[in-house]
Amino acid sequence: MKTSAKRGHRSRIALVNAVPVTVFLLVLFVYPIIGVLSLSLEGDSGGFTFHWYIDALSGVNLSVLLSTLRISAETAVLSLLVGFVLAHAIARMRPVFAALAMLIVVVPHFISALVRTYGWIIMLGEHGLINTLLTSAHVPGAPFSLLYNETGVVIGTTSVMLPYTVLILQGVMRGVDGRLLAAAAGFGASRLTIFRRVYLPLVAPGIGTAGLLSFILCLGYYITPALMGGDKQTVVAALIDQQVMKQDQWNSAAAFGVILLLLTFAGLGVLGLARLRRKRTHQRRSSS
């Protein structure tokens, strides 16, 4: 009886402690989302309509949405490729050097995104550092057009997403038991086989999480695409800004916001299903 009473008392305390968090989420997260959703379904005359969603998924707006998805996917893949190499190298360093390397990777993230973007604009310009080096090396076709196009946007967004990728992958790689790799090598497996059959499956959850995080963050990113993409390379975030600030089309902007939110939930759902499937597979192997 005393144990049950204590558990009931703890449950009541937990509920009381959860009230402020619940109110915070309702006021600052749920309520705004409901407001945006209702705004996206409201017609010019105040009635119910799907017009804004149809408009968002057709014509030029659809092209902008598909371009945003493509840029986000390219950024996620490039961040994974570069981040995997960096994280793998850091994971193999001694703790002191690993901490220093992580500091070098993370510290630029605390610099203003606007400052970093203008730094990339200077470096990638026609007479910037990159094109100057390529021209000095007599690379055919140099100087290249690296700004105000999709290439510039992907480079800029990748530099922003890279610290997240490295942090996630490095944490997962640090947790890999080196004895498993040594055991595989002891059985005569080649380095490629060890990487493909042992190491890669162990770090696969981190790869999925890092890639999805980069993709989701890039979907709604505004500053870098707006400055490095220009008018020719518009993304959804820039289109929403244009509709609100210049065209006063709040309903259309709300529809785009809901679409991005649904895409985010879909990505999180895919990641959750992948984890659930991996957990069930592990349980089946353990039981057998």
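The values are calculated or read from the model by the stated rules, or taken from the named source; none is laboratory data. Quick caveat, the model's predicted, so the values are computed rather than measured. Quick reminder, even Gly has a Cβ in these numbers, built from the backbone with ideal geometry, and neighbours come from all protein chains shown. Each accessible area value is taken on the protein alone, full model and side chains, heavy atoms only, with ligands, DNA and RNA left out. Shrake-Rupley method; radii C 1.70, N 1.55, O 1.52, S 1.80 Å.
Among the residues of the range 26-42, how many are of a type outside the set (S, T, N, Q) and open to solvent by less than 60 Å² (accessible area, probe 1.4 Å)?
Looking only at that region, the number is 7.
What residue, among those in the range 144-193 that are over 22 Å from residue 125 (Cα atoms) and among the hydroxyl-bearing types (Ser, Thr, Tyr), is least open to solvent (accessible area, probe 1.4 Å)?
That would be 165.
For the range 159-216, which positions are of a type in the set (S, T, N, Q) and over 20 Å from residue 267 (Cα atoms)?
159, 170, 190, 193
Looking at this structure, is residue 220 in contact (Cβ under 8 Å) with a residue 60 or more places away in the chain and of a type outside the set (A, V, I, L, M)?
no
Please work out if residue 23 is open to solvent by 60 Å² or more (accessible area, probe 1.4 Å) and out of contact with any strand residue (DSSP E or B) (no Cβ under 8 Å at 6 or more places or on another chain).
yes
Among helices (runs of 4 or more DSSP H) lying entirely in the range 23-101, which contain 3 or more residues that are closer than 23 Å to residue 243 by Cα and free of Cβ contacts under 8 Å to residues at least 40 places away in the same chain?
Output list reads 31-40, 59-91.
If we scan the range 95-104, do we find a residue that is farther than 30 Å from residue 195 by Cβ and open to solvent by less than 60 Å² (accessible area, probe 1.4 Å)?
There is no residue in the range 95-104 that is farther than 30 Å from residue 195 by Cβ and open to solvent by less than 60 Å² (accessible area, probe 1.4 Å).
One line per residue, one yes/no per condition, for (1) in contact with a Phe, Trp or Tyr (Cβ under 7 Å, 6 or more places away or on another chain); (2) polar (S, T, N, Q); (3) assigned to a helix (DSSP H, G or I):
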| residue | (1), (2), (3) |
| --- | --- |
| 135 | no, yes, yes |
| 144 | no, no, no |
| 147 | no, no, no |
| 163 | no, no, yes |
| 171 | no, no, yes |
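Exactly one condition in (1) open to solvent by less than 30 Å² (accessible area, probe 1.4 Å); (2) more than 20 Å from residue 76 (Cβ to Cβ) is not met by residue 114; state its number.
(1)
Which condition breaks for residue 270 when tested against (1) of a type outside the set (Lys, Arg); (2) closer than 30 Å to residue 46 by Cα; (3) open to solvent by 30 Å² or more (accessible area, probe 1.4 Å); (4) part of a helix (DSSP H, G or I)?
The one condition residue 270 does not meet is (2).
Just the residues that are aromatic (Phe, Trp, Tyr) and either under 17 Å from residue 260 (Cα atoms) or open to solvent by 50 Å² or more (accessible area, probe 1.4 Å) (or both), please, taken from the range 43-89.
48, 50, 52, 53
Results for (1) of a type in the set (Val, Ile, Thr); (2) in contact with an Asp or Glu (Cβ under 6 Å, 6 or more places away or on another chain); (3) touching a residue at least 60 places away in the same chain (Cβ under 8 Å), shown as yes or no for each residue.
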{"site": "105", "(1), (2), (3)": "yes, no, yes"}
{"site": "113", "(1), (2), (3)": "no, no, yes"}
{"site": "122", "(1), (2), (3)": "yes, no, no"}
{"site": "125", "(1), (2), (3)": "no, no, no"}
{"site": "146", "(1), (2), (3)": "no, no, no"}
{"site": "154", "(1), (2), (3)": "yes, yes, yes"}
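When you check residue 234 against the structure, is it under 28 Å from residue 84 (Cβ atoms) and not charged (D, E, K, R), yes or no?
Here the answer is no, as residue 234 does not meet what is asked.
Out of 275, 284, 174, 196, I need the residue that is free of Cβ contacts under 8 Å to residues at least 12 places away in the same chain and within 26 Å of residue 79 (Cα to Cα). Which one?
When all the criteria are applied, what remains is 196.
Identify all residues within the range 234-267 that are more than 13 Å from residue 222 (Cβ to Cβ), assigned to a helix (DSSP H, G or I) and without any contact (Cβ under 8 Å) to a residue 12 or more places away in the chain; write none if there are none.
Across the range 234-267, the qualifying residues are 262, 265, 266.
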